[in-house]
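See below for the structure under consideration.
The values are calculated or read from the model by the stated rules, or taken from the named source; none is laboratory data. Owing to the predicted nature of the structure, the values given are computational and were not obtained by experimental measurement. Every residue, glycine among them, receives a Cβ derived from its backbone with ideal geometry; neighbour counts consider all protein chains shown.
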Amino acid sequence: MPLTYIDIFAGAGGLTEGFRSNGYEAIAHVEMMPGACLTLKTRECYYYLKRHNRLGEYNKYLKHEISREELYSLVPQSLLDSVLNVTMSKESMQDLFALIDSLKESKNIDEVDVLVGGPPCQAYSLVGRARSKNNMENDPRNYLYMLYKEVLKKYHPRIFVFENVPGLLTAKGGAYLKDMKSQFRDAGYKLECNILNSKEYGVLQNRRRVILIGWQTESGFSYPQLRKVKEEYLVKDLLSDLPPIAPGESSNHYDSPPTEYLKKSGIRKKEDVLTWHEARPHIERDREIYKHVISTWNNSKQRLRYSDLPEELCTHKNRSSFLDRFKVVASDLPTAQTMVAHISKDGHYYIHPDIKQARSLSVREAARIQSFPDNFYFEGGRTSAYLQIGNAVPPLMAEAIASSLKHELMEKKKNER
């Protein structure tokens with residue numbers, strides 16, 4: 001029997017991708033965004049068709065040869081039903097539990113091995129608090145961890161993984177984290193909290209995240225030792241096989257064979273179909289700014305501040321803060337800057353390093369920086385895809401977490417027999 005898990009606040013499934021790729025069986029994915037729910041359903045189709053050696057049918061969908069409805073008709077309805085489009089709240093929890101209970105019964109699953117998920121992080125992020133008039137003191141998202149606790153109490157998973165931004169450590173002077181730990185202990189768990197950086201797990205991105213892991217008090221588990229990756233690659237190893245495109249353009253053909261990094265990481269496989277290599281359009285003034293930013297980095301390895309731009313290009317009144325609002329994703333560095341959800345609003349912080357293209361990252365390029373494989377398809381349109389990517393846990397980091405937990409869980413179950 002495979003290890004089982006429930007994924008709440010699932011988003012596009014960055015965390016769940018790490019667990020699925022390690023052979024865990026998903027009981028339920030709980031997510032409030034309709035676009036992300038469709039992404040999760042499409043990913044369920046990928047894993048089912050892959051398991052049955054029918055990836056050609058999945059690729060037909062990526063090539064627009066069959067519709068989404070036709071793709072979904074190729075898999076058991078129970079897989080699609082495991083994706084629950086639910087907004088978690090005090091009022092919705094009992095109905096949600098009824099749905100999950102029904103899924104457990106239909107899959108003949110008695111116990112939950114792992115609960116994973118990270119509530120929306122805007123209320124804890126430093127940038128979010130800086131932009132809020134009252135430091136997000138009254139934001140209801142501050143207390144979504146109480147709903148996480150309710151799921152712990154209901155299903156008693158052996159282990160849980162709670163992901164969030166480093167700002168959680170200092171939000172309200174650390175009071176949220178202190179109460180969170182207290183609530184999770186009250187639910188019957190020992191726990192430990194560490195900051196992990198995705199760049200240590202094969203992701204070419206400097207992304208620090210709080211990973212809080214808890215285990216049943218009497219289980220004998222401990223915080224796992226994650227296997228770190230030491231290979232040295234550069235951001236250009238992520239991007240060089242993709243064809244040049246202008247703002248507003250797209251392409252569905254690779255420009256060259258995959259790099260060693262793309263093959264080793266599993267981001268691009270031999271049978272993959274290129275999707276979402278689509279760039280947003282830009283006004284000419286922004287493209288001129290992009291060229292200045294790219295040129296300054298390429299010529300002097302300096303990050304151009306907004307206040308250093310030619311006066312005719314400076315239209316923002318704010319000249320004292322957020323001066324790095326335009327930033328190139330440098331191809332000659334080992335990591336890109338942290339990918340965040342703001343990329344769904346504009347791409348100024350994620351400028352492609354090729355001055356001839358003078359554009360922000362395409363959806364696929366952003367997904368690769370997050371370590372999503374090329375066979376991962378995002379539903380819901382371009383803006384929704386960028387939002388899903390920016391909010392996600394990098395799958396390669398999630399894979400390291402899932403792999404280390406799998407070892408502990410399998411050893412524990414072996415000893416229980």
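Structure data summary
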| quantity | calculated |
| --- | --- |
| Residue check for LEU99: over 23 Å from the mean Cα position of the chain (by Cα), surrounded by fewer than 19 Cβ atoms within 10 Å (Cβ to Cβ) and assigned to a helix (DSSP H, G or I) | yes |
| Test: residue in the stretch 192-211 that is among the aromatic types (Phe, Trp, Tyr) and assigned to a loop (DSSP other than H, G, I, E, B) | no |
| Leading residue by the ranking (nearest to the chain's Cα centre (by Cα)) among those in the stretch 27-37 that are surrounded by 22 or more Cβ atoms within 10 Å (Cβ to Cβ) and in a helix (DSSP H, G or I) | ALA36 |
| Matching option when the condition is farther than 30 Å from MET410 by Cα and exposed (fewer than 14 other Cβ atoms within 10 Å of the Cβ), among SER222, SER256, SER182, SER251 | SER256 |
| Qualifying positions in the stretch 387-417 - under 30 Å from TYR350 (Cα atoms) and not hydrophobic (A, V, I, L, M, F, W, C) | GLN388, GLY390, ASN391, PRO394, PRO395, GLU399 |
| Selection within the stretch 1-28 - under 17 Å from GLY266 (Cα atoms) and in contact with a Pro (Cβ under 7 Å, 6 or more places away or on another chain) | GLY14, GLU17, GLY18, GLY23 |
| Test: residue in the stretch 244-259 that is of a type in the set (Asp, Glu), assigned by TED's automatic domain parsing to the domain that holds ASP374, modelled with pLDDT of 95 or more and touching a strand residue (DSSP E or B) at 6+ places or on another chain (Cβ under 8 Å) | yes |
| Residue count, the stretch 271-288 (criterion: more than 23 Å from the chain's Cα centre (by Cα), assigned to a loop (DSSP other than H, G, I, E, B) and within 16 Å of VAL328 (Cβ to Cβ)) | 1 |
| In the stretch 1-26, residue farthest from the chain's Cα centre (by Cα) [restricted to those that are assigned to a loop (DSSP other than H, G, I, E, B) and farther than 24 Å from SER384 by Cβ] | MET1 |
| Meets criteria (buried (at least 19 other Cβ atoms within 10 Å of the Cβ) and touching a strand residue (DSSP E or B) at 6+ places or on another chain (Cβ under 7 Å)) for GLY18 | no |
| Tally, over the stretch 51-87, of residues that are in contact (Cβ under 8 Å) with a residue 40 or more places away in the chain, outside any loop (DSSP other than H, G, I, E, B), under 21 Å from GLU31 (Cα atoms) and not hydrophobic (A, V, I, L, M, F, W, C) | 2 |
| Single condition ILE343 does not satisfy, out of (1) under 30 Å from LYS230 (Cα atoms); (2) in contact with a Ser or Thr (Cβ under 9 Å, 6 or more places away or on another chain); (3) part of a loop (DSSP other than H, G, I, E, B) | (3) |
| Lone qualifier among GLY202, GLY214, GLY173 - being within 14 Å of GLY118 (Cβ to Cβ) and out of contact with any Pro (no Cβ under 6 Å at 6 or more places or on another chain) | GLY214 |
| Single residue of the stretch 38-72 satisfying the filter (over 27 Å from ALA98 (Cβ atoms) and polar (S, T, N, Q)) that is nearest to the chain's Cα centre (by Cα) | ASN59 |
| Checklist (1) among the aliphatic types (A, V, I, L, M); (2) out of contact with any Phe, Trp or Tyr (no Cβ under 9 Å at 6 or more places or on another chain); (3) surrounded by fewer than 19 Cβ atoms within 10 Å (Cβ to Cβ) applied to VAL235, failing item | (3) |
| Failed condition for LYS149, given (1) touching a helix residue (DSSP H, G or I) at 6+ places or on another chain (Cβ under 8 Å); (2) within 18 Å of ALA402 (Cβ to Cβ) | (2) |
| Members of the stretch 259-270 that are surrounded by 12 or more Cβ atoms within 10 Å (Cβ to Cβ) and part of a loop (DSSP other than H, G, I, E, B) | THR259, GLY266, ILE267, ARG268, LYS269 |
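Residue by residue, here is whether (1) at pLDDT 95 or above; (2) closer than 16 Å to HIS292 by Cβ; (3) among the basic types (Lys, Arg); (4) surrounded by 24 or more Cβ atoms within 10 Å (Cβ to Cβ) holds:
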residue	(1), (2), (3), (4)
ASP324	no, yes, no, no
THR338	yes, no, no, no
ASP354	yes, yes, no, no
SER360	yes, yes, no, yes
ILE369	yes, no, no, yes
ILE389	yes, no, no, yes
